[in-house]
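The values are calculated or read from the model by the stated rules, or taken from the named source; none is laboratory data. Quick caveat: nothing in here was measured; it's all calculated off a predicted structure. Here the Cβ positions follow ideal geometry from the backbone for every residue, glycine too, while neighbour counts run over all protein chains shown.
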Amino acid sequence: MTDGTPAVELRELTRKFGNVLANDGVNLRVQAGTIHGVIGENGAGKSTAMKMLYGIFRPDSGEIFVHGKKCVWTSPATAIAAGIGMVHQHFMLAAPYSALDNILLGAEPRRWGLIDRKKARARLEILARQYGLPVDWDRPVEELPVGVQQRIEILKLLYRDATILILDEPTAVLTPQETNALFVNLKRLRDEGKTILLITHKLREVMCFTDRVTVFRTGRVTGELITSQTNPQELASLMVGRKVVLNLEVPPAQPRTELALEVAGLTLAGSAAGSRHKLSDLNFAVKRGEIVGIAGVEGNGQSELLQAILHPHDSRCRTSGIVRFLGEDVTGFTALNIRNLGVAVIPEDRHREGLLLDQSVSDNFLLGLQRSPAFNRAGFLNVKNVAAAAARAVEEYDVRPKDLTTPAGKLSGGNQQKLVVAREFQRQPGVLIAAQPTRGVDVGAIEFIHQRIVRARDAGAGVLLVSSELDEILALSDRILVMYEGRITAEFRRGLVSERELGLKMGGS
Amino acid sequence: MRKLLQPILAVVLGLALGLAVTWMAGESPWHVLQILGRGAFGSRYDFGMTLFYSTPLIFTGLSVAIAFHAGLFNIGAEGQLTLGALGAAVVGAVWPGLPWPLAPVLATFAAILAGTVWGLIPGWLRARRGSHEVINTIMLNFVAAGLASYAALYLFKNPDSQNPETRPIGTGYLIHQFAIFGGAPVSMALPLAILSAALVWILLWRMALGFEIRAVGQSEPAARAAGIDPGRIRIIALAAAGGLAGMVGVGEVLGSAGKFRVGFSPDYGFLGIAVALLGRNQPLGIVAAALLFGALHKGAADLDLESEHVTRELSLVFQALIILSVSADGLWSWMKKRGAK
């Protein structure tokens, strides 16, 4: 670690959006050649600060120094020219273009008006070797795994001679293996002299991979610490502003004899003839009053399993097998019939499947309940009841802001998920299907959602929990099933498996 | 408030640009504005004609809007209204002797049914076969035009006329025309259009079906996950869009012409897209936008006679400029930024 002038220094940065003070006097110093964690809950202002550093937003007041020089950006282009690069959470890649063209896009080396791909490729190969970031240059980006796409994003910055890299939630979309590979690469970049700012809300990543960390809460910096001298509990408290239960104590389950969900011989053939089955002969049951966790690296059939049990009449989702909810064979049921049995679903991807992002909080609260007798009389909506119930739910589940007319897309990730949970729990579910229930959700909300899931279990719901977060699976599940390549390859009872053993099973060994 | 402001500013801007065009053509903008105003609102008759042109635009605007809320682009209102009018005219030509209250009700249902079928086809094709409604509705416009010409020239030809039109409908079919408009054919179709706008509002914002339509339009995966069948909703929405467009036939056939005339529509179906856009797909906005477009259409008709340098086609210039300015999102966000500073 080098001392002296910091690579980046933010002094008293302030930025308002409308009436919201997104950043309020933010001070941040990042030493050159370090990995610096920037953590905070969603909406705490960490992204705003980084976007000001990257020139996307202009600060209302305050100053930015890069390598000791005062900088005023007019656009990201000026920040890039000063050696700052950003990898966005949602990659900015042109899907059908090759990896090489994606990297060149906007910075094409020209020769006689043509793109000099040969020269670019030679330079990139040196960069890739130097930093250990191998990429297949000629494949279209859409055919490459997410981890490689991220590598392309990083190479894009290196190609533009960035010395300060900002990564926004880089592990949100990665498998555990890809995450590990990413951090190996980041450490290598650091050792080669690059400065890395890591925006995240995962405490584990901060603890394992950063040198220093800055904590944001409600637009302010609440702490700047040396990672080796702090602990997750302290960071969580700084993020949330109160003491947080990181490891929820889950009392043992008292499963009833009735089955909430039963899956027998569930199979989904591969899309091409002769290809591997996406689901092959799954058999398991979830009793009422227990939580069964499905552990597995993403892409091993979990999404297909969810689709198959929720849309059994759809031939694209299920080739054969039987699904029973609460003792009822639902093979011929539409999704609506299944929901009406008392099945609550927290979908995998809340933006795609859980919410209408442009519609109001109360419309989102109604989604899926629009035909329930509480809110519907002869096809007409009981607008008053909807508003009252939505207001109650927003209060009980602490969805912020409490304004029912806010579009759902304007809520933070944690509040969006709380809204989904609030809606689904309106059904008084006998079965709860919770898929990645805390993905992209901040620490405070994770604690809340976990408590609710356990409470639903204790009220007699059978819970099927699908998650790629090992901690979550281990903390909540009474039984754990491991999914690998469309099969269930192992089963464990609570407390009888180590994290390492589970990780190995997830990897297929 | 801002939602209201933007379309109004767009109209003002579009009109101003249009008047600038007349000035460049050598005509005094003030003079043109006077002609337009007098032509559209100068007398009871003129205002009646404005309302007469506006009525079909309310129907087609609602038609486009309801499809839009379901995430569909209905470019087929022209074909749907053609068949709607043909349907009403055919019922009236085949059973000319039917008595009054029964006859117009039956013909109205025929108009709605014909339009509904013409919306149902692309709806079903989209929902169950995945072929895009934009292509299919455009193609069905041509099919409808062909069918209507065939019916008017061969099957139900008017023997007493040189024009391509069907036999006149029975007198029992004619619906009430309001006398205060000095002979302008403002019929019960206008209240029917306003009632339709109210019903569309109730459907979209007060009924479960309308909620489902909007949910599908917003996000098909989310609607599907919530147990809604997006295919079914799409079929319903496009069928309803067709039925609304079909109702144009009520005013045209039962309220004014008394028969189906080939080419009676000055592109009401396509203007409906503009009306829906300007009206922000809200029923009230659509009624207002339809009135504006009707007034432009009527007002510009007098330009041929009263001005030297510009003709009635100026109304198309105005319409185009208004649509351009309402669609110019970049302009509005730029103005907002300026305003914020």
Under 9 Å between Cβ atoms, which residue pairs at least 6 apart in sequence (or on different chains) link something in the range B:316-341 that is within 26 Å of B:K298 (Cα to Cα) and basic (K, R) with a partner that is modelled with pLDDT under 85 and not in a helix (DSSP H, G or I)? none
Scan the range B:243-257 and tell me whether some residue there is within 14 Å of the chain's Cα centre (by Cα), at pLDDT 90 or above and assigned to a loop (DSSP other than H, G, I, E, B). yes
Extreme residue, surrounded by the fewest Cβ atoms within 10 Å (Cβ to Cβ), among residues of the range A:2-27 that are in contact with a strand residue (DSSP E or B) (Cβ under 9 Å, 6 or more places away or on another chain) and of a type in the set (G, A, S): A:G25
Counted residues in the range B:95-133 being of a type in the set (A, V, I, L, M) and either in contact with a strand residue (DSSP E or B) (Cβ under 9 Å, 6 or more places away or on another chain) or surrounded by fewer than 15 Cβ atoms within 10 Å (Cβ to Cβ) (or both) come to 2
Across (1) under 28 Å from A:N415 (Cβ atoms); (2) in contact (Cβ under 8 Å) with a residue 12 or more places away in the chain; (3) polar (S, T, N, Q), A:T78 clears everything bar (1)
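Tell me yes or no: at least one residue of the range A:293-307 is within 11 Å of chain B (Cβ to nearest Cβ), part of a helix (DSSP H, G or I) and closer than 22 Å to A:L476 by Cβ. Walk me through how you get there before you give the answer.
Pass one, the range A:293-307, residues within 11 Å of chain B (Cβ to nearest Cβ): A:306-307.
Now drop any that are not part of a helix (DSSP H, G or I), which leaves A:306-307.
The next check asks that each one be closer than 22 Å to A:L476 by Cβ; those that pass are A:306.
So far as the range A:293-307 goes, yes, one or more of its residues are within 11 Å of chain B (Cβ to nearest Cβ), part of a helix (DSSP H, G or I) and closer than 22 Å to A:L476 by Cβ.
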I'd like to verify a number: residues in the range B:295-313 that are in contact (Cβ under 8 Å) with a residue 24 or more places away in the chain and over 14 Å from B:Q34 (Cα atoms), how many? 3
Looking at the range A:408-441, which of its residues are among the charged types (D, E, K, R) and surrounded by 23 or more Cβ atoms within 10 Å (Cβ to Cβ)? A:K418, A:R423, A:E424
Is there a residue in the range A:388-411 that is closer than 30 Å to A:E469 by Cα, of a type in the set (S, T, Y) and either within 14 Å of another protein chain (Cβ to nearest Cβ) or within 30 Å of the chain's Cα centre (by Cα) (or both)? yes
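Residue-by-condition table, conditions (1) of a type in the set (G, A, S); (2) in contact (Cβ under 8 Å) with a residue 12 or more places away in the chain; (3) over 23 Å from A:I80 (Cα atoms); (4) buried (at least 22 other Cβ atoms within 10 Å of the Cβ):
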residue	(1), (2), (3), (4)
A:I154	no, yes, no, yes
A:L157	no, yes, no, yes
A:A172	yes, yes, yes, no
A:R188	no, yes, no, no
A:H201	no, yes, yes, yes
A:R212	no, yes, yes, no
A:F216	no, yes, yes, yes
A:G223	yes, yes, yes, no
A:I226	no, yes, yes, no
Against the condition of a type outside the set (S, T, Y) and closer than 30 Å to A:A49 by Cβ, how does A:A128 come out, does it pass? no
Would you mind telling me which numbered condition in (1) out of contact with any Gly (no Cβ under 8 Å at 6 or more places or on another chain); (2) surrounded by fewer than 24 Cβ atoms within 10 Å (Cβ to Cβ); (3) under 24 Å from B:N141 (Cα atoms) B:I236 fails? (1)
Quick one: in the range A:411-444, of everything that is in contact (Cβ under 8 Å) with a residue 60 or more places away in the chain and among the small types (G, A, S), which residue is farthest from A:S360 (Cα to Cα)? A:G430
Keeping to the range B:3-58, report how many residues are over 25 Å from the mean Cα position of the chain (by Cα) and in contact (Cβ under 8 Å) with a residue 40 or more places away in the chain. 7
Somewhere in the range A:353-374, is a residue assigned to a loop (DSSP other than H, G, I, E, B) and farther than 19 Å from B:A225 by Cβ? yes
All-but-one check, A:V383 against (1) touching a residue at least 12 places away in the same chain (Cβ under 8 Å); (2) within 11 Å of another protein chain (Cβ to nearest Cβ); (3) among the β-branched types (V, I, T), failing number (1)
Mind telling me which of the residues B:A225, B:A208, B:A152, B:A215 ends up being in contact with a strand residue (DSSP E or B) (Cβ under 6 Å, 6 or more places away or on another chain), among the hydrophobic types (A, V, I, L, M, F, W, C) and within 14 Å of another protein chain (Cβ to nearest Cβ)? B:A208
Could you tell me whether any residue of the range B:117-133 is under 17 Å from B:A257 (Cα atoms) and not hydroxyl-bearing (S, T, Y)? no
Which residues, counting only those in the range A:393-407, are surrounded by 15 or more Cβ atoms within 10 Å (Cβ to Cβ) and part of a helix (DSSP H, G or I)? A:A393, A:V394
Do we have any residue at all in the range A:341-351 that's crowded, with 21+ Cβ neighbours inside 10 Å, away from chain B (no Cβ under 12 Å) and in contact with a Ser or Thr (Cβ under 8 Å, 6 or more places away or on another chain)? no
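A quick yes/no check of all residues on (1) among the acidic types (D, E); (2) more than 19 Å from the chain's Cα centre (by Cα); (3) outside the structural domain of A:G62 (by TED's automatic domain parsing):
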site: A:E178; (1), (2), (3): yes, no, no
site: A:K187; (1), (2), (3): no, yes, no
site: A:E192; (1), (2), (3): yes, yes, no
site: A:T195; (1), (2), (3): no, yes, no
site: A:H201; (1), (2), (3): no, no, no
site: A:D211; (1), (2), (3): yes, yes, no
site: A:E234; (1), (2), (3): yes, yes, no
site: A:L238; (1), (2), (3): no, yes, no
Quick one: A:L336 ticks every box in (1) more than 7 Å from every other protein chain (Cβ to nearest Cβ); (2) loosely packed, with under 15 Cβ neighbours inside 10 Å except a single one, so which number is it? (1)
Would you say A:I64 is in contact with a Cys (Cβ under 7 Å, 6 or more places away or on another chain) and outside any loop (DSSP other than H, G, I, E, B)? yes
Based on what the data block shows, is A:R316 away from every other protein chain (no Cβ under 14 Å) and either at pLDDT 80 or above or surrounded by fewer than 21 Cβ atoms within 10 Å (Cβ to Cβ) (or both)? no
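Based on what the data block shows, is A:H311 in contact with a helix residue (DSSP H, G or I) (Cβ under 6 Å, 6 or more places away or on another chain), at pLDDT below 90 and within 14 Å of another protein chain (Cβ to nearest Cβ)?
Against the criterion (in contact with a helix residue (DSSP H, G or I) (Cβ under 6 Å, 6 or more places away or on another chain), at pLDDT below 90 and within 14 Å of another protein chain (Cβ to nearest Cβ)), A:H311 qualifies.
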Taking the criterion of being surrounded by fewer than 21 Cβ atoms within 10 Å (Cβ to Cβ), small (G, A, S) and not in a helix (DSSP H, G or I), would at least one residue in the range B:275-282 satisfy it? no
Within the range A:355-369, of all residues that are within 8 Å of another protein chain (Cβ to nearest Cβ), within 18 Å of A:A389 (Cβ to Cβ) and in contact with a strand residue (DSSP E or B) (Cβ under 8 Å, 6 or more places away or on another chain), the one surrounded by the fewest Cβ atoms within 10 Å (Cβ to Cβ) is A:Q359
